[in-house]
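Values in this text are rule-based calculations from the coordinates and carry no lab data. Quantities reported herein were computed from a predicted structural model and do not represent experimental measurements. Positions of Cβ are generated from backbone atoms using ideal geometry, with glycine treated the same way; all protein chains shown enter the neighbour counts.
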């Protein structure tokens, strides 16, 4: 990898100052994406600002309205949290299916959300549950946060501090994982929320997206049969060595049916 200056601040303010002061500073949480990128010399930042020392970014809070997770909270901690499992079981289950054990014990929710990999699991949960991303500068609704492939609404130097998920009457996540990486080739999160059914898809397109036709069908009848005949167009979906756009379009319906059935 290329040389860079390494910083390990103790506060969000110091982290923000360090990355803004750098000519090309990069924030690092778990490092699950950044470290391999640096090793392959695909990035040459002047500075790397490690958030691992910012203890205020770690933790899970649950109340009557929902679950708030600190940005540096690891996937494994979300998956094993009894509080999360009681409040939003689908969220705990999703976290338990991210990557492998090593990834779950290093990767963080803030890093995953900020990176916005098109095959990441968390974006589907954020959009389906109507979550809010809190940064050191503002609050951003999930649907306004994810913009495109590896693109978010974050400004330079802006740091995700927590993610808040409202509870749902029913919710479930089902994905068709790549057998090697366990990334979602297609993942579908369904939720019966206060504003009605929501269906969010990850892995299939450049970024997470909702399927309004499925939501309308579920509003009439919450059942797997209701979405069985809803087809998602293949145009614009991802196509690679793992799956064609047409196959991913087919998987959206299959995973949606399974998610609705699992939600009960």
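Do you know the relative contact order of region 1-113, to the nearest whole percent, from alpha carbon pairs under 8 angstrom that are 6+ apart?
Here the relative contact order equals 26 percent.
Counting other beta carbons within 10 Å of each residue's own, what order do 4, 189 fall into, fewest first?
By the 10 Å Cβ count, ascending, the order reads 4, 189.
Over the chain, what is the mean sequence separation of C-alpha contacts under 8 Å (at least six apart), divided by residue count, expressed as relative contact order in percent?
15 percent
If I take every Cα pair under 8 Å that is 6 or more residues apart in region 5-50, average their sequence separation and divide by the length, what percent do I get for the relative contact order?
56 percent
Based on the alpha-carbon gyration tensor of region 144-264 and its eigenvalue square roots a ≥ b ≥ c, which shape applies: rounded if a/c is under 1.5, prolate if not and a/b is larger than b/c, or oblate?
oblate
Where the centre of each part is set by its Cα atoms, how far does region 191-264 sit from region 77-112, in angstrom?
22 Å
Report the full-extension gain for the segment residue 141 to residue 194: residue separation times 0.36 nm, less the Cα-Cα distance, to one decimal in nm.
My answer for the length gained is 17.5 nm.
How would you classify region 5-50 from its alpha-carbon gyration tensor, with a ≥ b ≥ c the square roots of the eigenvalues: rounded for a/c under 1.5, else prolate if a/b is greater than b/c, otherwise oblate?
oblate
Go ahead and set up a Gaussian network model of the chain, Cα springs under 10 Å, then flag whichever of 168, 114, 245 fluctuates most.
Largest GNM mean-square fluctuation: 245.
Among 260, 48, which comes first, then next, by fewest other beta-carbon atoms within 10 Å?
48, 260
Using Cα atoms only, what is the angle between the long axis of helix 245-263 and the major principal axis of the chain, expressed in degrees (0 to 90) to the nearest 10?
Result, in degrees: 80.
Under a GNM of the chain (C-alpha, springs under 10 Å), which listed residue has the highest mean-square fluctuation: 21, 170, 231?
For the chain, modelled as a Gaussian network with Cα springs under 10 Å, the answer is 21.
Starting from the Cα of residue 44, step 7 Å toward the Cβ, then list every residue of region 22-37 with an amide N under 16 Å from that point.
23-26, 37
Can you tell which of 117, 240, 225 shows the greatest fluctuation in a Gaussian network model of the chain with Cα springs below 10 Å?
240
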